[in-house]
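Notes to accompany the following structure.
FYI, it's all coordinate maths here, none of it is from the lab. The structure displayed is predicted, hence computed values, not measured ones. Don't worry about glycine lacking a Cβ; one is built from the backbone with ideal geometry, like all the others, and counts go over all protein chains shown.
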Amino acid sequence: MAKSKPATKTKKKATPLAAAPSAPNVDIGISTGARKEIADGLSHFLADAYTLYLKTHNFHWNVTGPMFNSLHTMFEGQYTEQWGALDEVAERIRALGYNAPGSYAEFVKLTSIPEEPGLSNSADWKEMVRQLVVGNEAVCRTARVTLKTADDGHDDPTVDLMTQRLNTHEKYAWMLRSLLQ
């Protein structure tokens with residue numbers, strides 16, 4: 001009987017984007033290569049934004065302590081706004097002629113936000129806020145890369161979308177960061 005090698009944990013590479021099979025040729029004034037690169041950036045952004053959405057919603061449910069009321073309300077406002085924005089990002093990917101990622105497995109491969117242990121026993125509000133600062137900052141970094149790619153590809157709608165998302169997530173990061181000072 002052959003010995004098996006110990007399993008190593010490696011992050012799987014994201015599969016390359018394929019054009020939506022049902023989409024006819026797309027001719028919106030952006031080259032095929034640029035559309036694919038922009039859609040790939042948007043897919044990474046969507047994965048980061050969805051991961052942050054889940055984390056924010058989780059913390060809304062599980063926050064405790066002296067900051068409960070204000071954080072419960074703040075988290076709800078943030079995850080509600082984020083939920084609506086996810087749809088806009090996915091629809092932009094579709095408008096470029098590509099399928100949007102939509103499964104946990106795809107998001108795990110694409111996100112830059114690391115999975116952190118749950119806070120199930122005694123949720124510390126400061127740790128929740130810290131994680132959300134880090135998550136919002138990660139979303140901002142991904143948005144900046146995607147914005148640059150879109151700008152280089154002359155994709156003004158994506159530039160506008162990423163500018164709006166940057167404004168929102170920079171504000172969230174600032175508001176959350178101020179709670180830790």
Defining a contact as two alpha carbons under 8 Å apart and six or more residues distant in sequence, what relative contact order in percent does segment 32-179 show? 34 percent
Cβ-placed point charges (K, R +1; D, E -1), dipole of segment 31-97 about Cα centre in debye, nearest 20: 140 debye
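From the Cα gyration tensor of segment 32-179, with a ≥ b ≥ c the square roots of its eigenvalues, which class applies: rounded if a/c is under 1.5, or else prolate if a/b is larger than b/c, or else oblate? Show your work: numbers first, answer last.
Working: a/c = 2.49, a/b = 1.96, b/c = 1.27.
Judged from the Cα gyration tensor, segment 32-179 comes out prolate (a/c at least 1.5, a/b above b/c).
Packing-wise, with mean Cβ within 10 Å as the measure, how do 141-147, 75-81 rank, highest first? Display every interim value, and only then the final one.
On the way: 141-147: 20.7, 75-81: 17.0.
Ranked from most to least packed, the peptides come out as 141-147, 75-81.
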